[in-house]
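Chemist: Take a look at the following structure, please.
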Amino acid sequence: MKTSIIGYPRIGNLRELKFESEKYFRGEITAAELEKTAKEIRSYNLDIQKKSGLDFIPSNDFSFYDGVLDTAFLLNAVPERYTALGLSKLDTYFAAARGYQGEKGDVKALAMKKWYNTNYHYMVPEIDDATEIKLVGTKPFELFGEALAAGVRTKPVIIGAYTFLKLARYKGSKKAADFLDSTAAAYSEILKKLGELGAEWVQFDEPSLVTDMTAEDIQLFVSLYEKILPNKDSVRVLVQTYFGDVRDCYNELCGLDADGIGLDFKEGRLTSELVRKNGFPDGKTLFAGVINGKNIWRSNYASALSLLTELEKHTHDIVINTSCSLLHVPCTLANETKLADRFKKHFAYAEEKLAELAELRKITEAECPAETEEYRRNEALHAEPRIVGNEAVRKKVASLTEKDFVRLPEFAERERIQKARLGLPLFPTTTIGSFPQTADVKAKRSSYRKGEISDSEYEFFMEKKIAECIALQEEIGLDVLVHGEFERNDMVEYFGECLDGYLFTEKAWVQSYGTRCVKPPVIWGDISRAKPMTVKWSVYAQSLTDRPMKGMLTGPVTILNWSFPREDISLRESALQIALAIREEVLDLEANGISIIQVDEAALREKLPLRRADWREEYLDWAIPAFRYVHSGVKPGTQIHTHMCYSEFADIIRDIDDMDADVITFEASRSDLTILDVLKQNDFRTEVGPGVYDIHSPRVPSKEEIKAAIAKMRERIPAEKLWVNPDCGLKTRGNEETVPSLKNLVNAAKEARNENS
Ligand code: GLN
Ligand code: ZN
């Protein structure tokens, strides 16, 4: 059996691409210098994959920002507002990714969305009636050539035609099917060019095949490939799926004239069954995703082997594959210098997964696989008892009953009590929590972490930052203040570090979007709160102001979703363990005089199963209760806020209302405020702060722009339920843009308030 991966992390072992790109954005280095770093990363990645003995090495998995955006540029699906700026190719690309504000114009970025059920974000291509899909880019060809020159005949990886058309947003009257011919022609040409360059295999990524498909979708998918595949000549085409099973189109997929089919046996709950029941077509290669591309635990070779053996009943042409791109795990354990070996030996990041693939191949080649040294070592590792459980936590979770998940009195009565207590004006203004994490903040945290400064020096610094932040917010005129979250590197990692049961890593960065990376903590054992985590900062902040100070926590579902989860207990069990800990913190904040507490569930939408049939049982049935449990014990006058990134929750709007928070803030500006109609239609009860401007982009929104957004919101949302806020935390922004943006926001809210009365 040969080995393959779907893609490799591209940020560099030490996030070199991030840092160099950011320098480029600040004008500190040239495009050529940035390109040089990119090339070094690609060449390093190529090298270690080659050394590991990997048979199918991908290319074109590199991207300066995002692979879907790359595909849009490859296929000429770039809105004119970007090309019209007259910038260089690279800068036009970055303008679409990040927005542009400068001498040449002022344009917003493309919308950004979560990549299926991951914390990676892709840029949403925009297609209008004038868009002419055709092959105009050269990146896959250049990168294939670059690797070939280095002696490796790679497998170019490109977002597939169906997935591309499904992910695009259609601005005009034309729909995906109207672009069938032109898209198929462009992909045919891609195959032809790659063939001419010497490619033997090309991988088309089609994760959209694991989502619910209508008959029309299946038709579109089949038609595209029926038009593309006859043009493949000598090139072999792999249709690669991941993040689930292809239950809606397995037979159609097998019926195509493709040469390889990539299936996910990790997240694809029904994948094995599909193969067992329907068989696997002769003459095609099965790329079997048996190594988890999304989690950091070492594979269990015994179960991988038994799966592969089972599959061999259906086909002998099997390539051992990862379940998805390794983009979703950190690069290498080599940089985890502080983690003890007793933990580390259970981990495998991208580089270690390459080694696992090689070992698995060796095992499958052996006459007695179970007697190989690799197999035995792995077996011994998995036989060891890994953790000692926390009995108290387990008992508490087991004893929860219905009433633990219900907050009393009911919403309307709480709303009255809170309005009287807080005395806020109409359209209260607030922010989502974090303020710009300037260089001094990061430097202090880092020296504290390294033990270079004392507790008291660190606290003194943080208090100074908090005081400045409060003075700034008072000067700007915001109504509900925040302490600024300067002590937090990341909204999940911070809590991970405060909770027992978590392990944290040093350099385990994973790309979240563009140059933004996150370092998900690892849930190692049962979770419990050792001590208060945020109370000291919030109480200090509240002592400096008469305005309400929002306590700021991350909710259990988000903490879980943005951690590497355990695989030995259920997600439900883990979520409730975390909920127990966060609830203790909520009650502590309340007892210390904090009247508004925000429990962020930024990532709640993200792990919603890709198929509707799985939503409740596999997710919402425990995720919503976990959140409710966190705040069900507070007094009626304590106002509970929550925040969600992205407003793609139209489908679960009832469940969101059912979280029973008092206020919810969320992203809306990048998705054209479409969520507002949904709120109105559903008579949404929770007060709402749909973000009035996009914080993922460095541009400053004008007062008029914000007023227009508020006016639009007012048409759908009752005045007394509307809050005014940016769409997410400000930590990735600088003060230069944050201060004028917030001033415009406050002035816009004030004017709207006056006009309303
Ligand atoms: N409170 C967090 C912040 O402001 C929320 C971040 C997020 O939603 N991603 O940074
Ligand atoms: Zn957010």
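The values are calculated or read from the model by the stated rules, or taken from the named source; none is laboratory data. If you're wondering where the values come from, they're calculated on a predicted model, not measured in any experiment. Cβ: placed from backbone, ideal geometry, glycine included. Neighbour counts: every protein chain shown.
Chemist: Is the range 637-649 home to any residue that is small (Gly, Ala, Ser), farther than 26 Å from PHE243 by Cβ and within 16 Å of ligand 1 (Cβ to nearest atom)?
Modeler: no
Chemist: Test each condition in (1) among the small types (Gly, Ala, Ser); (2) away from ligand 2 (no atom under 16 Å from the Cβ); (3) modelled with pLDDT of 95 or more for SER741 and report the one that comes out false.
Modeler: With (1) among the small types (Gly, Ala, Ser); (2) away from ligand 2 (no atom under 16 Å from the Cβ); (3) modelled with pLDDT of 95 or more applied to SER741, the lone miss is (2).
Chemist: Could you give every pair whose Cβ atoms fall below 6 Å, whose first residue belongs to the range 289-312 and is within 19 Å of GLN240 (Cα to Cα), and whose second residue is small (Gly, Ala, Ser) and at pLDDT below 95, counting only separations of at least 6 or pairs across chains?
Modeler: none
Chemist: From GLU590, GLU601, GLU584, which residue is without any contact (Cβ under 8 Å) to a residue 60 or more places away in the chain and within 16 Å of ligand 2 (Cβ to nearest atom)?
Modeler: GLU601
Chemist: For the range 445-497: of the residues being closer than 21 Å to LYS338 by Cα and among the hydrophobic types (A, V, I, L, M, F, W, C), which is modelled with the highest pLDDT?
Modeler: ILE453
Chemist: If you scan the range 102-115, which residues turn out to be out of contact with any helix residue (DSSP H, G or I) (no Cβ under 7 Å at 6 or more places or on another chain) and either part of a loop (DSSP other than H, G, I, E, B) or within 18 Å of TYR8 (Cα to Cα) (or both)?
Modeler: Listed by number, the residues that qualify are GLU103, LYS104, LYS108, TRP115.
Chemist: Further question on the same structure: Select from the range 116-139 the residues that are touching a residue at least 60 places away in the same chain (Cβ under 8 Å), assigned to a loop (DSSP other than H, G, I, E, B) and not hydroxyl-bearing (Ser, Thr, Tyr) and list them in ascending order.
Modeler: ASN117, ASN119, LEU135, VAL136, GLY137
Chemist: What's the number of the condition LEU14 fails, among (1) surrounded by 15 or more Cβ atoms within 10 Å (Cβ to Cβ); (2) farther than 20 Å from VAL157 by Cβ?
Modeler: All conditions are met except number (1).
Chemist: Please name all residue pairs, on different chains or six or more residues apart, with Cβ atoms under 9 Å, provided the first residue is in the range 630-645 and is closer than 15 Å to ARG685 by Cα and the second residue is within 16 Å of ligand 2 (Cβ to nearest atom) and of a type in the set (D, E, K, R).
Modeler: Short answer, once both residue conditions are applied: GLN639/LYS550; HIS641/LYS550; HIS641/ASP600; THR642/ASP600; THR642/GLU601.
Chemist: Among (1) under 22 Å from GLY7 (Cα atoms); (2) more than 30 Å from the chain's Cα centre (by Cα); (3) charged (D, E, K, R), which single condition is LYS266 missing?
Modeler: Going through (1) under 22 Å from GLY7 (Cα atoms); (2) more than 30 Å from the chain's Cα centre (by Cα); (3) charged (D, E, K, R) one by one, LYS266 breaks only (2).
Chemist: So for the range 657-666 (the condition being part of a helix (DSSP H, G or I), surrounded by fewer than 23 Cβ atoms within 10 Å (Cβ to Cβ) and at pLDDT 95 or above), does at least one residue qualify?
Modeler: yes
Chemist: Could you say whether any residue in the range 683-699 is more than 14 Å from ligand 2 (Cβ to nearest atom), surrounded by fewer than 19 Cβ atoms within 10 Å (Cβ to Cβ), farther than 20 Å from VAL480 by Cα and at pLDDT 95 or above?
Modeler: Yes - at least one qualifying residue is present in the range 683-699.
Chemist: It is to be established whether one or more residues within the range 464-486 are within 16 Å of ligand 2 (Cβ to nearest atom), part of a helix (DSSP H, G or I) and over 20 Å from VAL539 (Cβ atoms).
Modeler: No, the range 464-486 has no match at all.
Chemist: So PHE666 passes all but one of these: (1) in contact with a Gly (Cβ under 8 Å, 6 or more places away or on another chain); (2) more than 16 Å from ligand 2 (Cβ to nearest atom). Which condition number does it fail?
Modeler: (2)
Chemist: Taking into account only those residues within the range 593-617 that are outside any loop (DSSP other than H, G, I, E, B) and in contact with a Lys or Arg (Cβ under 9 Å, 6 or more places away or on another chain), which is surrounded by the fewest Cβ atoms within 10 Å (Cβ to Cβ)?
Modeler: Per the stated criteria, the residue is ASP614.
Chemist: Follow-up. Sort out which residues of the range 426-445 are buried (at least 23 other Cβ atoms within 10 Å of the Cβ), more than 9 Å from ligand 1 (Cβ to nearest atom) and either free of Cβ contacts under 8 Å to residues at least 24 places away in the same chain or within 27 Å of the chain's Cα centre (by Cα) (or both), and write them in order of number.
Modeler: THR430, the sole residue that qualifies.
Chemist: Can you list the strands (runs of 3 or more DSSP E) lying wholly within the range 254-364 that have 2 or more residues being under 26 Å from TRP562 (Cβ atoms) and touching a Lys or Arg at 6+ places or on another chain (Cβ under 9 Å)?
Modeler: Because the criterion is at least 2 residues that are under 26 Å from TRP562 (Cβ atoms) and touching a Lys or Arg at 6+ places or on another chain (Cβ under 9 Å), the strands (runs of 3 or more DSSP E) in the range 254-364 that meet it are 285-291.
Chemist: Have a look at LEU676, LEU722 and point out the one that is crowded, with 20+ Cβ neighbours inside 10 Å, away from ligand 2 (no atom under 16 Å from the Cβ) and modelled with pLDDT under 95.
Modeler: Unique residue meeting the criteria: LEU676.
Chemist: Tell me the helices (runs of 4 or more DSSP H) entirely within the range 145-241 that contain at least 2 residues that are hydrophobic (A, V, I, L, M, F, W, C) and modelled with pLDDT under 95.
Modeler: none
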